[in-house]
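Notes follow once the structure below has been shown.
The values are calculated or read from the model by the stated rules, or taken from the named source; none is laboratory data. Bear in mind that the values here come from a model prediction, so they are computed numbers and not experimental data. Heads up, the Cβs are rebuilt from the backbone with ideal geometry, glycines too, and the neighbour counts pull from every protein chain shown.
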Amino acid sequence: MQIKQITVYGVRLPLKQPFKIAYDTYEDIESILVRIESTSGDVGWGEAVVDQHVSGETWQSARQIIARELAPLLIGRSFDSIGAFHKTAETRIRHSPSAKAALDIALHDLLARHCKVPLYALLGGRYHARLEVPSVISMLEPEEMARQARDACARGHTSVKIKLGDTSEMDIERIARVREAMMPGVALRVDANQGWSAKQALHIIRQTVSYRVDWFEQPVSIESLDALSQVTRATEAVIMADEPIHGVRDMLEVVRRQAADMVNIKLMKSGGLHAARIMAEVGCAAGIPCQIGSMVESSVATLAGAHLAIAHGNIVANDLVGPAMISHDVADMPGSDTHIELSDAPGLGIWIDEERVRALSTFEDRID
Ligand SMILES: [Mg+2]
């Protein structure tokens, strides 16, 4: 039951097309894959994908924190005490959520594989039968976004999420064009990625009532929960918090300040599954439904999110779309680009192609 060796791979995951949101454009994805091996020969995989605008981590800083600070804490320790890992990790280094998430996911995968159960069984068992995955559309010209939304409906997506955060005029135009292009029964969701002011958000929400947007995600800056709270209280539209809400303490702040109607939980903000599950539970107690979001992650972290999403009744949506955007993944995602269907295979339920991991790697650290 002891951890023998940890390997840290820095991989570049090529995207099918550049991904453009309000605050950045991504040509490819810098990911860190972590492989933990036990003395009995079991292996678990985890992943970190940083967003420096959100957590202040970079690819290299996360690598250093995993390889030099956190992984050495685990060597020779038992892998079945994930809570104890987090306690020690928190004492060792503050924040650094994606570095902690990579090891948290690998420990969960390893424990579930050792127990020969799918990961969701460790997280409470199956609540949802399967997960419908939205189509996420970059912030582009309104006509192009409408075309992609039409295609997404034709492919069988039951929801479309559009990235906004531009001028009011352009964003209202985008919502209108996209909704007009969509089949009526398909859900439309908006993510402004902090791109609006509170007044601008209220103006756009008012002007687009007839286009039936399910919810507006992070309309205003990460810096001010007051501004988010102001928008939430001033409108009947559903407001979802994302970037400012990282861990359990932030979740409690949302509840205390009535800052949002929903919260987007991401393993790369919470430090992994351990805290994410508690956040979903706090949301449940406070009447705040949650989404499991993601950075653009490979099938490894995406599936960790999927196992939590399928196990928890208060997780009502997801944006687990990374593998659909990546052209060379390190494993085969179960399901299609419209849904994720988890098998009963142990752990994350996938076979990692180690040859491919090495081929995509630009650095490799071994800790034993
Ligand atoms: Mg978001």
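Some points to look at:
- Matching entry among Arg277, Arg256 (being among the basic types (Lys, Arg) and either assigned to a loop (DSSP other than H, G, I, E, B) or within 30 Å of Asp353 (Cβ to Cβ) (or both)): Arg277
- Those residues of region 229-246 which are touching a helix residue (DSSP H, G or I) at 6+ places or on another chain (Cβ under 8 Å) and surrounded by 20 or more Cβ atoms within 10 Å (Cβ to Cβ), in sequence order: Ser229, Val231, Ala237, Ile239, Ala241, Glu243, Pro244, Ile245, His246
- Flag for Ala309 being within 11 Å of the chain's Cα centre (by Cα), assigned by TED's automatic domain parsing to the domain that holds Gly322, under 28 Å from Ser135 (Cβ atoms) and not in a loop (DSSP other than H, G, I, E, B): yes
- Residues being in contact with a strand residue (DSSP E or B) (Cβ under 7 Å, 6 or more places away or on another chain), within 15 Å of Glu341 (Cα to Cα) and in a loop (DSSP other than H, G, I, E, B) - total across region 122-157: 4
- Options Ser221, Ser210; residue that is surrounded by fewer than 20 Cβ atoms within 10 Å (Cβ to Cβ), within 14 Å of the ligand (Cβ to nearest atom) and at negative phi: Ser221
- Of all residues making up region 79-94, the number that are out of contact with any Phe, Trp or Tyr (no Cβ under 9 Å at 6 or more places or on another chain) and at pLDDT 95 or above: 11
- Scanning region 170-186 for residues that are more than 24 Å from Ile222 (Cβ to Cβ) and without any contact (Cβ under 8 Å) to a residue 40 or more places away in the chain gives Glu173, Ala176, Arg177, Arg179, Glu180, Ala181, Met182, Met183, Pro184, Gly185, Val186.
- Count - residues of region 107-121 that are crowded, with 18+ Cβ neighbours inside 10 Å, in a helix (DSSP H, G or I) and touching a Leu at 6+ places or on another chain (Cβ under 9 Å): 8
- For region 316-354, a residue qualifies if it is crowded, with 16+ Cβ neighbours inside 10 Å, outside any strand (DSSP E or B) and of a type in the set (A, V, I, L, M, F, W, C), and the qualifying residues are Leu320, Val321, Ala324, Met325, Val330, Ala331, Met333, Leu342, Ala345, Leu348, Ile350, Ile352.
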